[in-house]
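Participant: Structure provided below as structure tokens; questions to follow.
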Amino acid sequence: MKIFLDTANTQELKKAAETGILDGCTTNPTLIMKEGRDYVQTLKEITKIVNGPISAETVSLEAEGMVKEGKKFAKIHKNIVIKVPMTPEGMKACRIMTKIGIRINTTLCFSANQALLAAKAGTYIISPFVGRLDDIGESGMHLIEEIRKIYDNYGFKSKILVASIRSPTHVRDAALLGADIASMPFKVYEQLFKHKLTDKGIKQFLDDWDKLQKGLKKK
Ligand code: E4P
């Protein structure tokens, strides 16, 4: 499963890229607003840090506008993937851009039927939002299971990107269910490394190493 960061913060992306684990990145208008910077400029910087798909989101509601925005973003770098919303206009834009070689990430997916339609429209990535479904008392992970089954039933090649991740448990469940990508906030990415027994083990090894050095000095 590929690991993406759901952020427009270049410092976070740099830190994750240094480990060699980072496979891509997703951005959206909210994340860009948090950074308070120009979208195109930020995307340009991200392409220098992230060696993999980088999603840039359109804000038009009509297909024509989405295509116009998409073409502008796609010119920045070959790794840019265009996000369109899961609407009839979004799917129209998906078809048009896919035909001219621009890869699409269909965002704001909340049902298996939406994922089916997006795959039929040729989306490169489908983004089901698990956290927002959990927030309203539905099961985000159940949706991932359904989409995996449908895509496998019909051999759809669209990649399932688990979006709106809130915790390491979401990441583990996504991997267990065979999702292709998990895109998470930096905080969750950092939590993935952690285990209290790892910390305890490191401390014990260092303490014992220290004891050994002191013992050797005495001899
Ligand atoms: C994914 O592409 C979205 O940008 C993101 O995962 C939304 O997450 P949120 O529900 O935490 O805003």
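The values are calculated or read from the model by the stated rules, or taken from the named source; none is laboratory data. Keep in mind the model is a prediction, meaning the values are calculated, not measured. Quick reminder, even Gly has a Cβ in these numbers, built from the backbone with ideal geometry, and neighbours come from all protein chains shown. Protein only, heavy atoms only, side chains kept; ligands, DNA and RNA dropped before computing areas. Shrake-Rupley method; radii C 1.70, N 1.55, O 1.52, S 1.80 Å.
Participant: Taking segment 120-146 as the search range and keeping residues that are under 23 Å from V81 (Cα atoms) and more than 15 Å from the ligand (Cβ to nearest atom), which one is most open to solvent (accessible area, probe 1.4 Å)?
Facilitator: Among residues in segment 120-146 that are under 23 Å from V81 (Cα atoms) and more than 15 Å from the ligand (Cβ to nearest atom), the one most open to solvent (accessible area, probe 1.4 Å) is K120.
Participant: Does S183 fit the bill of being under 15 Å from N28 (Cβ atoms), touching a Leu at 6+ places or on another chain (Cβ under 6 Å) and buried (at least 19 other Cβ atoms within 10 Å of the Cβ)?
Facilitator: yes
Participant: Another one. If I filter segment 79-128 down to residues being polar (S, T, N, Q) and assigned to a helix (DSSP H, G or I), which single residue comes out as farthest from L5 (Cα to Cα)?
Facilitator: Applying the filter and picking the extreme gives N113.
Participant: Of the residues in segment 15-63, how many are outside any helix (DSSP H, G or I), of a type in the set (V, I, T) and in contact with a Cys (Cβ under 9 Å, 6 or more places away or on another chain)?
Facilitator: Result for segment 15-63: 2.
Participant: Something else now. Within segment 174-190, can you find the residues that are more than 15 Å from the ligand (Cβ to nearest atom), part of a helix (DSSP H, G or I) and either closer than 24 Å to Y124 by Cα or in contact (Cβ under 8 Å) with a residue 24 or more places away in the chain (or both)?
Facilitator: A175, L176
Participant: From the list T30, T106, T42, pick out the single residue that is crowded, with 23+ Cβ neighbours inside 10 Å and within 22 Å of M184 (Cβ to Cβ).
Facilitator: T106
Participant: Given F205, F156, which one is over 15 Å from the mean Cα position of the chain (by Cα) and open to solvent by less than 90 Å² (accessible area, probe 1.4 Å)?
Facilitator: After applying the criteria, what remains is F156.
Participant: Please work out which residue is farthest from the chain's Cα centre (by Cα), limiting yourself to segment 4-36 and to residues that are closer than 24 Å to P85 by Cα and without any contact (Cβ under 8 Å) to a residue 24 or more places away in the chain.
Facilitator: G36
Participant: Assess whether R103 counts as being within 16 Å of the ligand (Cβ to nearest atom) and of a type in the set (K, R).
Facilitator: Taking the combined requirement at face value, the residue satisfies it.
Participant: Test of understanding: among V67, V162, which residue is closer than 27 Å to M33 by Cα, within 16 Å of the ligand (Cβ to nearest atom) and among the aliphatic types (A, V, I, L, M)?
Facilitator: V162
Participant: Does segment 151-159 include one or more residues that are among the hydrophobic types (A, V, I, L, M, F, W, C) and not in a loop (DSSP other than H, G, I, E, B)?
Facilitator: Among the residues of segment 151-159, not one is among the hydrophobic types (A, V, I, L, M, F, W, C) and not in a loop (DSSP other than H, G, I, E, B), which makes the answer no.
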